[in-house]
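This report concerns only the one structure given below.
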Amino acid sequence: MDREYQSRIAYTKDLINKANYIVIGAGAGLSAAAGIQYGGHRFTDNFAPFIEKYGLTDMYSSGFYPFPTEEERWAYWAKHISLNRYEVGPTKLYEKLFQLVKKANYFVITTNVDSQFELAGFPLENIFEVQGNYGYLQCVKGCHDSLYDNKLLVNEMIANMENCRIPSNLVPKCPECGGEMDPHLRINQYFVQNEAWNNSNDAYEGFINESKGKNLLLLEFGVGFNTPGIIRYPFEQMTYQNEHTKLIRFNMDHPNGPKENREKTIAFTEDILPVLLKLNK
């Protein structure tokens, strides 16, 4: 087993060194591996009052909980955003990933919304955050496409929270229509795709088009079947269709892809951080 593992490490290193283009595709499993888990002790330690009052079970499903008032909804979201965007800081896992590819010609596509790539040093122009970002608010109905930085407001909400509620004067209102606001997350059809989002999308598509016929390496981290149409299925399709494309899949639970790609895919089911440490040596 150890020899087979070392062989995968050596082959992956070689592919990274020879690649003309590298695309990193990252799902929730990468941030979970970095310590940003949405359940377990991290949830129960930080949300005890909300768990007691509403019976919440984890951070993911809690985002869809029908809180009775906006004051309660924003109390929850302030804590959620603060914990996952502002308190966590850069993580070793993402920093090691940056170290691995920083001298390469790479692009990142991610469904994660926690800014971990940016915090680790990845330039914003190399990142496409398809599903949004915790650091911004938008109109709940998407009446216009401006986004609003929420750091100061979130801090104020946290400081003034009592009994799982924030004061009414801190509930955000849309500057255009006066209606409610949402975190900038793709939770319904009103998700704002503004100029910056479109530019990132265009940059990603341009990178993929440029890579055709060249040595393209796809590094896929922790992508399951929640939204497989964004990263997992396109990566498998590119691997199948393009002669010079290889796929390295880091996934404990779902490492296997189509049998047609078996010869062009390397799978790691091991913890990601030790693998990245070895690849960086």
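The values are calculated or read from the model by the stated rules, or taken from the named source; none is laboratory data. Keep in mind that what you see is a predicted model, and the values were worked out from it rather than measured. Every residue, glycine among them, receives a Cβ derived from its backbone with ideal geometry; neighbour counts consider all protein chains shown.
Checking each residue in segment 141-186 for being part of a loop (DSSP other than H, G, I, E, B), in contact with a Cys (Cβ under 7 Å, 6 or more places away or on another chain) and under 20 Å from residue 72 (Cβ atoms) picks out 174, 179. Of all residues in segment 31-69, which are surrounded by fewer than 17 Cβ atoms within 10 Å (Cβ to Cβ), closer than 19 Å to residue 224 by Cα and hydroxyl-bearing (Ser, Thr, Tyr)? Of everything in segment 31-69, those that are surrounded by fewer than 17 Cβ atoms within 10 Å (Cβ to Cβ), closer than 19 Å to residue 224 by Cα and hydroxyl-bearing (Ser, Thr, Tyr) turn out to be 60, 61.
No other residue among 118, 72 is outside the structural domain of residue 277 (by TED's automatic domain parsing), buried (at least 16 other Cβ atoms within 10 Å of the Cβ) and not aromatic (Phe, Trp, Tyr) apart from 72. In summary, helices (runs of 4 or more DSSP H) completely within segment 1-80 and bearing 1 or more residues that are of a type in the set (D, E, K, R) occur at 2-18, 40-46, 48-54. For segment 160-215, residues that are closer than 15 Å to residue 67 by Cβ, modelled with pLDDT under 95 and exposed (fewer than 13 other Cβ atoms within 10 Å of the Cβ) total 0.
For segment 95-140, the set of residues classified as closer than 14 Å to residue 221 by Cβ and assigned to a loop (DSSP other than H, G, I, E, B) consists of 111, 112, 114, 122, listed by residue number. Among all positions in segment 255-268, there is at least one residue which is of a type in the set (Lys, Arg), without any contact (Cβ under 8 Å) to a residue 24 or more places away in the chain and not in a loop (DSSP other than H, G, I, E, B). Within segment 194-205, the set of residues being more than 20 Å from residue 239 (Cβ to Cβ) and either in a helix (DSSP H, G or I) or in contact with a Pro (Cβ under 9 Å, 6 or more places away or on another chain) (or both) comprises 195, 196, 197, 198, 199, 200, 201, 202, 203.
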